[in-house]
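As structure tokens, the structure follows; a few thoughts come after it.
The values are calculated or read from the model by the stated rules, or taken from the named source; none is laboratory data. If you're wondering where the values come from, they're calculated on a predicted model, not measured in any experiment. Please note: Cβ atoms are built from the backbone with ideal geometry, for glycine as well, and neighbour counts cover all protein chains shown. Accessible surface is based on the protein model in full, side chains and every heavy atom, while ligands, DNA and RNA are left aside. Shrake-Rupley method; radii C 1.70, N 1.55, O 1.52, S 1.80 Å.
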Amino acid sequence: MPDDVDDVMGVIAQQIETRFHMSLPELRRAATAAPHANQQATEVVHWFGLLAESQTALERAEDDLVAVLIQDPVPLDDPAMESAHRVNAAVTVRDGRALVVRHLPDSAGHGSGLRRSAALAAGRGPALQTSPPTRPSAPAVPVRGGRR
């Protein structure tokens, strides 16, 4: 599994490097030296760092789960289930961050981004009608056994 993870992190890093025409370490240094020079680069570097942190947290959670399962694989008791839930939560965080990191370089060339999308969404009303439904004045079908 670590090879798959390294491949995924490598693919995302390569997409970033292709977008900004420099290696990820060079991009980190440039974003740190002048964070306002290219806001898109600064955001990508920030989110890639968060992605790397969440990947490390996921690997630790998986190691903890394996350790619990090695001790007593059956039945799955509370500590094992808690470890499994931590792994699921870590996967969710990592996958969410990966989506953000993958979206940022793609959106940079099109003049859009997460902030622009959020601003557009904030300026619109709700997508669905939110007023309460009107109630009929009388029931359409007489109620059996009810009061007369």
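Points to keep in mind about this one:
- Apart from one condition, R28 fits all of (1) open to solvent by 40 Å² or more (accessible area, probe 1.4 Å); (2) over 15 Å from A13 (Cβ atoms); the exception is (2).
- The set of residues in the range 54-75 that are touching a residue at least 40 places away in the same chain (Cβ under 8 Å) and open to solvent by 60 Å² or more (accessible area, probe 1.4 Å) contains only E59.
- Failed item, numbered, when T92 is tested on (1) in contact with a Gly (Cβ under 7 Å, 6 or more places away or on another chain); (2) modelled with pLDDT of 90 or more: (1)
- Residue satisfying all of: in the range 96-112; open to solvent by 70 Å² or more (accessible area, probe 1.4 Å) and either at pLDDT 90 or above or under 14 Å from V11 (Cβ atoms) (or both); nearest to the chain's Cα centre (by Cα) among these: L99
- Test: residue in the range 40-47 that is modelled with pLDDT of 90 or more, surrounded by 12 or more Cβ atoms within 10 Å (Cβ to Cβ), of a type outside the set (F, W, Y) and more than 20 Å from G96 (Cβ to Cβ): yes
- Long-range neighbours under 6 Å by Cβ, at least six apart or interchain, first residue more than 16 Å from Q39 (Cα to Cα) within the range 7-22, second surrounded by 11 or more Cβ atoms within 10 Å (Cβ to Cβ) and among the hydrophobic types (A, V, I, L, M, F, W, C): I12/V101; A13/L24
- Taking the listed residues A31, A67, A84, the one that is of a type in the set (G, A, S) and within 20 Å of V100 (Cβ to Cβ) is A31, with no other qualifying.
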